[in-house]
Amino acid sequence: MSKLKIALQKNGRLSEKSIKLLEECGIKFPNGGGKLITESTNFPLEILFLRDDDIPQYVEQKVADIGIIGENVFAESLKNINSIEKLGFSACRLSLAVSKDVDYQGLSFFNNKRVATSYPNILSGFFRNNDIHTNIEIISGSVEIAPGIGLSDGICDIVSSGSTLLSNGLKEVVKVMDSQAILVANPDLEVNKQQILEKLLFRIRSVRNAKENKYILLNAPDEKLEKIKKILPGMNSPTILPLAQEGWSSLHSVISEDKFWDVIDELKEAGAQGILVVPIEKMIV
Ligand code: ATP
Ligand code: MG
């Protein structure tokens, strides 16, 4: 039976989290020794370790069937590949930045200016949509030093905390796009590979759902249960079990982590006691 081939970044900001995601999906593989290709021992998957910029092309050419890259690399590549799932890690943004001394008033600042970037396709599209004419200087690394050495008037680069910009005397002025890690796929996979991909996607979604949800247990007097049930926006109707203590029950449900913080006070006011919130390892929906 043929295997699905996945391309991961070899060394870089996506590497560790991409590997961790596969591991959380229960996919085992020997990792280490700097090998460029390895095979899972318990799932029909072959893993290729590559530079992230090369992954779109390899997926287009079917050297790999699928891959994990940042949305920024996907958008820049203009390859015929599909983005099939957001993975929720390596969040960052692509932004325009200028020297902190510039009195920046708006996008028209960039008219007839030079902007250095490793993202010429995304950036030229952005300026075109905004009717701004700029000269794009394409450089492949250390973009943030370009204004300081007189190569450009601004830059467009990946930002997360903004500390790199700051330490190079720059300030972020416009966000061009948000980015996070995504799963990309060749649009034309054979049926059996498509089936393996569906299995992998099912596992990825179960892992992500589990992370975003918590299992909640609480105790309450029986007459308060109706009210508490209404507060809990659970997956299904909650499980209610009688406690040894007469007139009391234990209620179990699943709740998304962000909603939990919104309802915690309401739950207590409604009479919930002994509230426990526990992590879920996998959640099959
Ligand atoms: P390669 O050698 O594989 O080409 P690279 O230097 O191009 O690596 P990295 O810096 O490892 O790339 O970044 C890989 C991806 O991680 C980026 O394309 C982006 O999607 C994301 N990323 C980059 N910087 C950050 C950051 N500071 N925080 C979060 N995610 C980031
Ligand atoms: Mg790269």
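Of note:
- Residue 106 out of contact with any Ser or Thr (no Cβ under 9 Å at 6 or more places or on another chain) and more than 13 Å from ligand 1 (Cβ to nearest atom): yes
- The single condition from (1) in contact with a Ser or Thr (Cβ under 9 Å, 6 or more places away or on another chain); (2) surrounded by 12 or more Cβ atoms within 10 Å (Cβ to Cβ) that residue 241 fails is (2).
- For beta carbons closer than 6 Å, sequence separation of 6+ or different chains, a first residue in region 9-29 that is among the acidic types (Asp, Glu) and a second that is away from ligand 2 (no atom under 15 Å from the Cβ) and assigned to a helix (DSSP H, G or I), the qualifying pairs are 24/207.
- Pick from region 172-191, criterion away from ligand 1 (no atom under 15 Å from the Cβ) and either aliphatic (A, V, I, L, M) or surrounded by 15 or more Cβ atoms within 10 Å (Cβ to Cβ) (or both), ranking: farthest from residue 107 (Cα to Cα): 191
- Odd one out for residue 135 among (1) over 16 Å from residue 72 (Cβ atoms); (2) in contact with a Pro (Cβ under 7 Å, 6 or more places away or on another chain): (2)
- In the set 119, 104, only one residue is touching a Lys or Arg at 6+ places or on another chain (Cβ under 8 Å) and either closer than 17 Å to residue 172 by Cβ or modelled with pLDDT of 95 or more (or both); that residue is 104.
- Which listed residue is in contact with a strand residue (DSSP E or B) (Cβ under 7 Å, 6 or more places away or on another chain), of a type in the set (D, E, K, R), at pLDDT below 95 and open to solvent by 80 Å² or more (accessible area, probe 1.4 Å), from 266, 226, 212, 281: 212
- Listed conditions (1) small (Gly, Ala, Ser); (2) away from ligand 2 (no atom under 16 Å from the Cβ); (3) closer than 29 Å to residue 18 by Cβ; (4) crowded, with 21+ Cβ neighbours inside 10 Å are all met by residue 146, apart from (3).
- Selection from region 54-68 of residues that are touching a Ser or Thr at 6+ places or on another chain (Cβ under 8 Å) and closer than 18 Å to residue 16 by Cβ: 68
- Options 6, 68, 37; residue that is hydrophobic (A, V, I, L, M, F, W, C) and within 16 Å of ligand 2 (Cβ to nearest atom): 68
- A search for C-beta distances below 9 Å between a residue of region 110-138 that is within 20 Å of residue 99 (Cα to Cα) and open to solvent by 70 Å² or more (accessible area, probe 1.4 Å) and any residue that is assigned to a strand (DSSP E or B) and among the acidic types (Asp, Glu), counting only pairs 6+ apart in sequence or on different chains, returns 114/137.
The values are calculated or read from the model by the stated rules, or taken from the named source; none is laboratory data. Values in this document were obtained by computation on a predicted structure and should not be read as measured data. All Cβ positions, glycine included, derive from the backbone under ideal geometry; neighbour counts span all protein chains shown. Ligands, DNA and RNA are excluded from the accessible area calculation, which covers all protein heavy atoms including side chains. Shrake-Rupley method; radii C 1.70, N 1.55, O 1.52, S 1.80 Å.
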